[in-house]
Amino acid sequence: MKLQTEKDQKEIKKHGNYEFPVHVSLEKIQAYEQNSFPWHWHPEIEFTWVMSGQIEYFVNNEKNLLSQGEGLFCNSNALHSGYMVEQKDCNYLSVTFHPRFIYGYENSLLQTKYVDFITANESWHSLKLQKDVEWHQNVIGQLQKIYRMSQNPPADYELQVHLILAGIWQSLYRYYCSLPVSEQQPQKHLARLKEILSYIQAHYTQELTLDEISEHVNICKSECCRFFKKYMKMTIFDYILFLRVQSSLSLLREGESVTKTSVMTGFSTPAYYGQIFKRYMGCSPSRYRKEHMRIPS
């Protein structure tokens with residue numbers, strides 16, 4: 001499985017529909033290529049509950065190690081990614097929903113007072129739901145209830161889901177309201193980070209230099225490197241290589257040659273492509289192509 005994103009890393013996948021913008025799904029980290037889902041964002045809010053195993057879950061500039069029984073609140077528009085831990089699979093429940101499912105219509109009091117208060121604050125990009133915090137476990141219990149209902153939806157399923165998610169949101173609102181005023185000040189880094197990611201996404205198949213990236217966001221090269229590594233937990237160069245390898249997988253599965261794939265995804269030589277591919281995927285591009293190439297029906 002490959003996560004599909006637009007050039008600015010916004011996820012393409014639909015989370016429910018306009019009439020009922022809620023998506024409930026069971027996920028396995030092993031189902032994703034490279035045993036991870038790459039950096040992306042979406043306007044929907046996402047709750048995760050780990051059913052078994054562990055997952056390294058990054059949100060903006062924070063790393064969370066989630067174990068069985070724990071969960072995570074990921075805010076609207078927050079950049080996030082997830083990685084396998086110690087080569088062991090992780091099964092988890094994902095519940096995503098658009099903020100308007102809580103507030104109803106634009107500029108309502110529910111939106112301006114209760115929803116925007118949280119979603120507009122970039123410093124509240126995520127919250128780990130822990131085993132030893134009672135209200136955290138209450139939230140996880142409500143997520144489990146949504147999942148059970150989704151398996152055999154009652155006649156008033158949508159209404160029950162709305163009531164449960166509104167209750168969860170009330171718990172979040174009360175928590176964030178209790179924080180000191182100093183912790184309620186929004187950060188301003190997310191727009192710059194998305195701008196860098198968008199530029200890399202648009203140009204990763206070409207020869208891409210640090211000079212070009214830093215100039216695009218109007219900061220010096222050293223600050224650009226420091227800023228990117230602080231929030232992405234990897235260097236710009238490593239991220240470009242990761243993105244190129246990710247993008248090459250679909251070409252190999254379609255039967256494209258290793259040489260042409262290396263050129264199309266921005267590698268200088270097929271040999272260098274093979275070296276980097278093996279570092280990330282644990283095998284050569286030719287072996288991956290042989291084992292995963294789609295056979296025309």
Practice problem: Mind sorting L110, L129, L93, L26 by how few other Cβ atoms lie within 10 Å of their own Cβ, fewest first? | Solution: L26, L110, L93, L129
Quiz item: With θ set to phi - 60° and the Karplus curve 6.51 cos²θ - 1.76 cosθ + 1.60, what are the ³J(HN,Hα) couplings of segment 264-276 in order, to the nearest whole Hz, using x for Gly and Pro?
Solution: 5, 9, x, 7, 6, 9, x, 5, 5, 4, x, 5, 5
Quiz prompt | Non-local Lys pairs in segment 193-297, i.e. 8 or more apart or on different chains, that have alpha carbons under 18 Å apart | solution = 10
Quiz item: Across segment 22-29, in residue order, what do the Karplus-derived ³J(HN,Hα) couplings come to in whole Hz, using 6.51 cos²θ - 1.76 cosθ + 1.60 with θ = phi - 60° and x for Gly and Pro?
Solution: 10, 10, 10, 8, 8, 10, 10, 5
Exercise. Quick one: order T119, T261 by neighbouring beta-carbon count within 10 Å, fewest to most.
Key: T119, T261
Quiz item: By average Cβ neighbour count within 10 Å, what is the ranking of 276-287, 34-45, 144-155 from highest down?
Solution: 34-45, 276-287, 144-155
Quiz item: So what is the 222 nm mean residue ellipticity for the chain from helices alone, if each DSSP H run of at least 4 adds -39500 (n - 2.57) and you divide by all residues, rounding to the nearest 500 deg cm²/dmol?
Solution: -13000 deg cm²/dmol
Practice problem: Express the relative contact order of segment 190-292 as a whole percentage, based on alpha carbon pairs under 8 Å and six or more residues apart in sequence. | Solution: 23
Quiz item: What full-extension length gain, to one decimal in nm, is calculated for K63 and Q206 as 0.36 nm per residue of separation minus the Cα-Cα distance?
Solution: 48.4 nm
Quiz item: Under a point spin-label approximation (7 Å from Cα along Cα-to-Cβ), what is the K194-K290 distance to one decimal in nm?
Solution: 4.5
Quiz item: Once you wrap a convex hull around the alpha carbon atoms of segment 82-170, what is its projected area averaged over all directions, in nm²?
Solution: 7.7
Practice problem: Could you check what % of the DSSP bridge pairs in the chain are antiparallel, to the nearest 5? | Solution: 95
Quiz item: Among V24, V95, which comes first, then next, by fewest other beta-carbon atoms within 10 Å?
Solution: V24, V95
Practice problem: Please turn the phi angles of segment 157-164 into ³J(HN,Hα) values with the Karplus equation 6.51 cos²θ - 1.76 cosθ + 1.60 (θ = phi - 60°), one per residue in order, whole Hz, x for glycine and proline. | Solution: 3, 4, 5, 5, 5, 4, 5, 5
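Could you work out the relative contact order of the chain? I mean the mean sequence separation of Cα pairs under 8 Å and 6+ apart, divided by the number of residues, in percent.
15
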Quiz prompt | For segment 230-292 and segment 58-95, distance of Cα centres in Å | solution = 25
Self-check item: Stretch gain in nm, segment K233-N121, where the contour uses 0.36 nm per residue and the Cα spacing is subtracted
Solution: 38.2 nm
Self-check item: Within a Gaussian network of the chain (alpha carbon springs, distance under 10 Å), most fluctuating of K260, K229, K128
Solution: K260
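Only the coordinates and a few stated rules stand behind these numbers; no lab work does. Being a predicted model, the structure only gives us computed values, none of them experimental. Neighbour counts are summed over all protein chains in view; Cβ atoms, including those assigned to glycine, are modelled from backbone coordinates with ideal geometry.
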